[in-house]
Amino acid sequence: MKTWRMLQKESFTKLSDLTTYLELTQDNLELVDFSPHFPCLVPRRLAEKIPKNCLTHPMARQFVPLKEEKWESPDFIEDPLCEQGGVRVTPSLLHKYDGRLLLIATGACAMHCRYCFRQHFSYQSEDKSFTQELDYIRQNPTLHEVILSGGDPLSLSDDHLENLLMHLDQIDHLQVIRFHSRFPIGIPERITDELLTILKRLKKQIVFVVHINCADEYDEEVTQALRKLTALSIPVLTQSVLLKGVNDSALALKALSLASISRGILPYYLHKLDKIRGAAHFEVGENEGIALIKELRKQVPGYAVPQFVAEYPKERSKTPLIVLQN
Ligand SMILES: *Cc1c(COP(=O)(O)O)cnc(C)c1O
Ligand code: SF4
């Protein structure tokens with residue numbers, strides 16, 4: 001069996017290899033951006049889910065760099081969330097909300113999603129011991145939760161991850177350690193027995209938020225990997241981004257929600273796209289999003305409806321876009 005590191009090395013990083021694999025014909029080749037500012041990175045299993053010579057499929061739209069990324073739109077900028085500003089309390093910590101903060105554990109990911117809101121983020125720190133970060137967390141007793149994000153925290157080696165988790169586990173005021181990861185979708189083999197052993201040893205409650213945008217991303221291996229987490233009493237929740245041509249229909253959102261709950265996974269957030277430069281072609285209007293959620297609510301149980309939210313620079317929490325009214 002191949003290790004996750006081997007699978008990671010087999011991912012498509014050269015666009016010409018990917019376009020050959022996808023058997024793109026000339027008209028489609030002309031749509032591809034062969035010099036994207038955010039490099040191509042597509043694990044084999046995701047490329048396998050893209051139908052041949054088809055760039056309109058949700059899996060293709062998420063991962064194949066298109067010339068549309070070069071569209072300039074004045075309100076789509078490099079740092080719409082002002083994450084490089086005051087909320088960045090150490091090179092790898094974003095402390096924006098009360099009680100919880102986000103640790104950018106690494107800049108690396110299993111895949112590069114073309115709409116990524118951190119595609120222009122400058123990942124300054126490669127200090128895998130997180131000394132400054134751990135000090136800040138220890139000195140802030142108001143914190144009850146640390147969110148390991150990135151990049152993707154599961155890009156860290158088990159050794160680095162174990163070291164970080166063991167330190168966090170010893171901080172009394174922390175109650176929950178949350179992962180935000182897309183690894184199980186691109187390389188589910190990352191959920192190794194070694195990783196599960198590390199997680200099992202922690203005293204703190206773990207919560208796992210898997211980033212997934214359409215039902216096609218689930219398959220047998222992905223499901224098995226996530227089940228290994230739920231088997232440890234780790235709640236697995238989903239986070240998605242509403243993306244044009246990927247999941248902007250009631251049908252697609254319904255398929256995703258039902259695919260999740262049938263696996264014991266609960267929808268958490270559906271994010272409105274952050275206005276990041278290079279992602280303007282993914283935008284879905286806010287009112288359209290609200291209408292989609294209202295339609296979804298009619299078709300699936302209440303617990304399968306994600307909260308439709310946006311993130312704004314100065315707000316103290318995510319902003320729900322559906323306010324309770326008649
Ligand atoms: C989204 C986010 C969180 C977590 O918010 P929740 O509503 O608790 O999921 C924390 N910190 C930052 C900087 C975030 O962007
Ligand atoms: S996995 Fe997340 S952080 Fe990484 S490229 Fe995709 S959206 Fe961005």
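Values in this text are rule-based calculations from the coordinates and carry no lab data. Every value quoted in this text rests on a predicted model; they were computed, and no experiment measured them. Glycine also receives a Cβ, built like all others from the backbone with ideal geometry; neighbour counts cover every protein chain displayed.
Computed values, structure above
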{"item": "Range of Cα positions in region 46-178 per principal axis (Å), largest first", "result": "53, 35, 24"}
{"item": "Nitroxide proxy distance, nm - points 7 Å out along Cα→Cβ at LEU251 and THR131", "result": "5.7"}
{"item": "Sites LYS203 and ILE322 - FRET efficiency at Förster radius 51 Å, r taken between beta-carbons, to 0.05", "result": "0.85"}
{"item": "Value of relative contact order over region 4-70, rounded to a whole percent, pairs C-alpha under 8 Å and six or more apart", "result": "39"}
{"item": "Percentage relative contact order, the chain, counting C-alpha pairs under 8 Å, at least six apart", "result": "17"}
{"item": "Region 125-182: GluC sites (Glu not before Pro) falling in loop per DSSP and having at most 13 other Cβ within 10 Å", "result": "GLU126"}
{"item": "Anisotropy class of the chain from Cα gyration tensor, a/c 1.5 cut", "result": "rounded"}
{"item": "Exposure proxy ranking, count of Cβ atoms within 10 Å, fewest first, for VAL222, VAL246, VAL323", "result": "VAL323, VAL222, VAL246"}
{"item": "Average Cα contact separation per residue, region 1-112, under 8 Å, 6 or more apart, as relative contact order %", "result": "25"}
{"item": "Neighbour net charge for LYS67 - beta-carbon separation under 9 angstrom, K R +1, D E -1", "result": "-3"}
{"item": "Size of charge dipole - region 88-320 - debye, nearest 20, with Cβ of Lys, Arg +1 and Asp, Glu -1, no other charges", "result": "700"}
{"item": "Relative exposure of ASP135, ASP216, judged by other C-beta atoms within 10 Å (fewest first)", "result": "ASP135, ASP216"}
{"item": "Most mobile listed residue (LYS314, LYS52, LYS128) in the chain, GNM with C-alpha springs under 10 Å", "result": "LYS314"}
{"item": "Antiparallel bridge percentage (DSSP; both residues within the chain; nearest 5)", "result": "25"}
{"item": "Paramagnetic reach from THR56 in region 1-33 [backbone N under 13 Å; point 7 Å along Cα→Cβ]", "result": "28"}
{"item": "Kirkwood-type radius of region 166-250, with distances r between different C-alpha atoms, in Å", "result": "14.0"}
{"item": "Ranked THR238, THR20, criterion: other C-beta atoms within 10 Å, fewest first", "result": "THR20, THR238"}
